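Below you'll find the structure, written out as structure tokens, and then a few comments.
Just so you know, all these numbers are worked out from the coordinates, no wet-lab data involved. None of these values were measured; they are calculated from a predicted model. For neighbour counting, all protein chains shown are included, and Cβ atoms are generated from backbone atoms with ideal geometry for every residue, glycine included.
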Amino acid sequence: MKGIKFVNIGAQFNSLRDEILKKVDEVSQSGEFILGKELQQFEKNFASYCNCKYAVGVANGTDALFLVMKALGIGNGDEVITAPNSFLATAGAVVAAGATPVFADVRDDYNIDPNKIEEAITERTKAIIPVHLTGRLADMSTILDIAKRHGVYVIEDAAQAVGASYNGKRTGSFGTAGCFSFHPLKTLNAYGDGGAITTDDTALYEKLMKIRNHGLKNRDECELWGYNSRLDNLQAAILDIKLKHLDKWNMRKRRMAALYRRGLQGIKGVLKVPADAPGEEAVYHTFIIQCENRDELQQYLQKQGIETKVHYPIPIHLQKAAVSLGYRKGDFPKAEAITKRILSLPIYPELLDADIETVCSRIIEFYAPK
Ligand SMILES: *Cc1c(COP(=O)(O)O)cnc(C)c1O
């Protein structure tokens, strides 16, 4: 029996092998590995893909968040509101910047609840970081409205949502800045770590370009203290090749999501299956269902050779690292309740329609009366 893996990163390489190896050869011979012309070209293309004026390549998605906060002067004594059910990096970047993460509970689409943001705002709030979790958009118009009324920044964590859009407007173009990850497990992925920041703000862009490179204005003059957080020229060259395929991959994932929706319709035991909201074009970084007897279902699928995951089993506010923030079990009932029901099913462009059908059949079998 052929198993269905949760990810298969190698499969994508085979389809682009010749083009990528040729480019690696070319860049290697040029000897331009740091801040080269391939990086500039990718930044230009990525900004335009995200409907933004500028993009800045950085070392990873966590740094993207961290550097934006640093550039905006967010740090000690400041609070930043975000979701407790994200990947750890969102809150981790806030802590690294010296600020305090303040969590707000989520809605049924796993994204931050604007009403809860409003309740969490204090005089110390400097920014809101909505996470477009699972490749679906947070409620940006309401969030932008709240931010405007309270005079705080909106920094999008779009690490899981490259290419997702609302009424045709893409993630990374709503807030003051958008933060992306090109980690190997993200849809647009590098061969190692990578990230980018998008923005329309010229002053912020110029500051970020310096901050990611030691604060240097040119080779010898340092204008402000910065960091070393650049996107490698080789990675940028590879990402630029992949960017041309991104829409096709996202479309493929959207089709798979539709197949899952059809295949899982009306199954007793499957409590919730994700679907686009009106105006939304999600990219389904993960396809998370909610189900009864989740652990048993996961084991059953594993026995059938189908690999699944849970994103994420422990909310950030209940992690050991978060103890000093003073949260307790019960503080975010929605985010906590779903941890026992959520299951991420395999979804990546190289899977076949038949694979999706197999996963659905096994789930139907599991819940069938015995
Ligand atoms: C992956 C991810 C990040 C961090 O990106 P890295 O490139 O791994 O640093 C941040 N936020 C979310 C929601 C992510 O999924």
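Springs between alpha-carbon atoms under 10 Å, Gaussian network over the chain: tell me which of S165, S141, S30 tops the mean-square fluctuations.
Per the Cα network of the chain with a 10 Å cutoff, S30 tops the list.
Pop the C-beta distance of I241 and E350 into the FRET formula with R0 = 25 Å and round what comes out to the nearest 0.05.
It comes to 0.90.
Tell me, in nm to one decimal, what length is gained between R261 and D200 on full extension, where the rule is 0.36 nm per residue of separation less the Cα-Cα distance?
Values: separation 61, 0.36 × 61 = 21.96 nm, distance 3.65 nm.
That works out to 18.3 nm of additional length.
Work out how much length I314 to N51 would gain on full extension: take 0.36 nm times their residue separation and subtract the Cα-Cα distance, in nm to one decimal.
Value of the extension gain: 91.2 nm.
Given an 8 Å cut-off on Cα distances and at least 6 residues of separation, report the relative contact order of region 190-275 as a percent.
21
Can you give me the distance in nm between label points at A321 and L185, each placed 7 Å from the Cα along the Cα-to-Cβ direction?
Output for this residue pair reads 1.3 nm.
For the chain, with the dipole built from +1 on Lys and Arg beta-carbon atoms and -1 on Asp and Glu ones, taken about the Cα centre, which of L224, V24, L318 lies farthest toward the positive end?
L318
Let me know the whole percent of all Cα-Cα pairs from the chain that are separated by more than 29 Å.
Taking all Cα-Cα pairs of the chain, the fraction more than 29 Å apart is 42 percent.
Under 12 Å from the Cβ of A71, count the other residues' Cβ atoms, weight Lys and Arg +1, Asp and Glu -1, and hand me the total.
Numbers: positive: K70, K207, K210, R212; negative: D63, D201, E206.
So the environment of A71 carries a net charge of +1.
To make sure I understand, if each residue's beta carbon is the centre and we count other beta carbons within 10 Å, what order do D63, D295, D157 fall in, fewest to most?
The fewest-first ordering by Cβ neighbours comes to D295, D63, D157.
For region 248-279 and region 103-151, write down the distance between their C-alpha centroids in whole Å.
So the separation of the two Cα centres works out to 25 Å.
Within the chain, what percent of beta bridges assigned by DSSP are antiparallel, to the nearest 5?
Around 60 percent antiparallel, to the nearest 5.
What is the set of long-range amide H partners of K217 at a cut-off below 5 Å, with H atoms built 1.01 Å from backbone N?
C222, E223
If the chain between A368 and V7 were fully stretched, how many nm would it gain, using 0.36 nm times the residue separation less the Cα-Cα distance?
127.2 nm
List the residues, sorted by chain then number, that are 5 or more residues from L35 or on another chain and whose placed amide H is less than 5 Å from its amide H.
HN-HN under 5 Å from L35: N233.
Pop out the ³J(HN,Hα) list for region 221-238 in order, Karplus 6.51 cos²θ - 1.76 cosθ + 1.60 with θ = phi - 60°, rounded to Hz; leave Gly and Pro as x.
Couplings: 9, 9, 8, 8, 6, x, 9, 10, 9, 10, 8, 4, 4, 5, 4, 4, 4, 5 Hz.
Any idea what the relative contact order of the chain is, in percent, if you count C-alpha pairs under 8 Å spaced at least 6 apart?
22
Rank R261, R230, R328 by mean-square fluctuation in a GNM of the chain with C-alpha springs under 10 angstrom and give only the top-ranked residue.
Most flexible of the set in this elastic network: R328.
Using only alpha carbon pairs under 8 Å that are at least six residues apart, calculate the relative contact order of region 9-116 and give it in whole percent.
Relative contact order of region 9-116: 17 percent.
Could you run the Karplus curve 6.51 cos²θ - 1.76 cosθ + 1.60 with θ = phi - 60° over region 65-71 and give me ³J(HN,Hα) per residue in whole Hz, x for Gly and Pro?
5, 4, 5, 5, 4, 4, 5
So how far apart, in nm, are the two label points at K268 and D331 if each is 7 Å from Cα heading toward Cβ?
4.0
Put a dot 7 Å past each Cα toward the Cβ at L16 and Q29; how far apart are the dots in nm?
Label-label distance for Q29 and L16, simple model: 2.2 nm.
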